[in-house]
Amino acid sequence: MKFLRFLGTAAAVFLVCGCASEAPASRTFFAMDTVMTVTAYGGEDSLPLCEKRITELENLLSAQKPDSDAARLNISDGTEMSLSDDTAALLGEVLDFCRETDGIYDPTVYPLVREWGFIDGDYKVPDSAKIAELLEKTGFEKIALSGNTASVPADFELDFGACAKGYAADELKKILAENGVTSALLDLGGNILTVGGKSDGSPWKIGVADPFSPSESVGTLLLSDCAAVTSGGYERYFIAENGERCCHIIDPRTGCPTDSGIASVTVVGQSGTRCDMLSTALFIMGTEKAADFWRGAGDFDMLIITEDGKMLITEGLTDNFTPAEKYAEAEVIRK
Ligand code: ADP
Ligand code: MG
């Protein structure tokens, strides 16, 4: 469960200041297991359309909605299924990203997410035999997709939990553009997407939550026309009997919650979908591999807070990120 970002309760990234000359229209609703707020200057009529579109996407993509494309694939027993255009497009992008990250991002870890208790809240540490058994039932390579037709092997299950909100943000951006909105802020449970700047043209100010004290910020990003998505281990986790913190992002190599030394990673880039997937994957990679991946990809920037309290930012953020006082010593990752 996530909480409203700009109230700062469990925020990952949140609006610091919306002030501009004219008052924006805004709509807040609950969808995709989180609170979402769409704020638009001059586009009041588009807000109900945005909410309707989100509901439509949730009904297609949520593995926990019985008639969704995801749920139908998960009980398909290996038979081919016809997918909606949305699900097929997103699954295609997901599979490309799985290949790009050598399977660090892998939506088929869903049975492990469930076994650790992150679906029903009945948290537990599975024994190693159970983890090995479930790992046998993972592997994105086994998903077949051709046009709108897909198949997932019997016993395999996938979910779009680490990309659906990002995809939804990209889709809402299209609706806002079709309705002539040139200035808007989407906060889909901490997945931020900005359309243009504020109505006066100045950039949106977005606070990045401190993973060690989520109501405070580690600094402020100035953003126009881009997405910013955070993944971290500080919102959805439980503490095991041995004192270890177990978060909801599973390392597909071990079948266990990620323990990479990163407390949170915020990704800034053009595509909401890609930023959402990247934040999850970079969190699993850990700082060094994430920095290498950033150097190779060249289409995003990132801000990492490590478990030992250090801040690292990629060089593209140096001009539009102002760290809070206690993080003034941020290390810059360069090409
Ligand atoms: P959140 O949705 O909390 O913002 P993420 O975008 O990082 O966080 O997505 C976490 C969700 O992604 C998990 O709840 C789970 O359903 C799914 N997931 C967990 N591990 C992986 C992984 N290695 N690859 C892809 N999806 C994952
Ligand atoms: Mg994600």
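Worth pointing out:
- Overall shape: prolate for segment 44-197, with the ratio a/c of the largest to smallest alpha carbon gyration tensor axis at 1.5 or above and a/b above b/c.
- Per residue, the chain reaches -8500 deg cm²/dmol at 222 nm when only DSSP H runs of four or more residues are counted, each adding -39500 (n - 2.57).
- Contact order normalised by residue count of segment 155-262, Cα under 8 Å, 6+ apart, percent: 16
- Shape call, segment 176-335: gyration tensor on alpha carbons, a/c limit 1.5: prolate
- Greater than 19 Å apart at Cα, pairs in LYS173/LYS198; LYS165/LYS198; LYS52/LYS165; LYS289/LYS335: LYS165/LYS198
- Here the relative contact order of the chain, from alpha carbon pairs under 8 Å that lie six or more residues apart, stands at 19 percent.
- Build a GNM of the chain with springs between Cα atoms under 10 Å apart, and of GLU171, GLU58, GLU100 the one that fluctuates most is GLU100.
- Residue order, fewest to most beta carbons within 10 Å, for CYS275, CYS256: CYS256, CYS275
- Additional length obtainable on full extension of the chain from ASP200 to LYS289, 0.36 nm per residue less Cα span: 28.1 nm
- Oblate is the label for segment 245-335. Its Cα gyration tensor axes, ordered a ≥ b ≥ c, give a/c of at least 1.5 and b/c at or above a/b.
- Bridgeable lysines around LYS142 (alpha carbons under 21 Å apart, same-chain partners fewer than 8 residues away excluded): LYS130.
- Restricting the calculation to alpha carbons of the chain gives Rg and Dmax of 19.2, 61 angstrom.
- Its relative contact order, with pairs defined as Cα atoms under 8 Å and 6+ residues apart, puts segment 253-295 at 41 percent.
- Helices meeting the span-like rule in the chain (full DSSP H runs, Cα extent of at least 18 Å along the helix axis, mean Kyte-Doolittle score of -0.5 or higher): 46-61, 85-100, 164-178, 272-285.
- Taking the chain as a Gaussian network of alpha-carbon nodes connected by springs under 10 Å, the highest mean-square fluctuation of the residues VAL229, VAL125, VAL267 belongs to VAL125.
- Qualifying aspartates and glutamates (Cα of each under 15 Å from Cα of LYS137; at least 8 residues distant if same chain): ASP77, ASP106, GLU115, ASP155, GLU157, ASP159, ASP251
- Separation of segment 89-105 from segment 194-262 is 21 Å, based on Cα centroids.
- Full extension of the chain between ASP102 and GLU315 gives 74.2 nm of extra length, using 0.36 nm per residue less the Cα-Cα distance.
- The orientation-averaged shadow of the Cα convex hull for segment 285-335, equal to a quarter of the hull surface, comes to 3.6 nm².
- Separation of the ARG27 and LYS52 label points, Cα + 7 Å toward Cβ, nm: 0.9
- Distance between the pseudo-spin-label points of ASN242 and GLN270 (7 Å out from Cα toward the beta carbon): 4.5 nm.
- Highest GNM mean-square fluctuation among GLY261, GLY286, GLY147, for the chain modelled with Cα contacts below 10 Å: GLY147.
Bear in mind that the values in this text are calculations on the coordinates, not laboratory data. Predicted model only: the values in this text are computed from it and were never measured. Because the Cβ atoms are built from the backbone with ideal geometry, glycine has one as well, and the counts that use them run over all protein chains shown.
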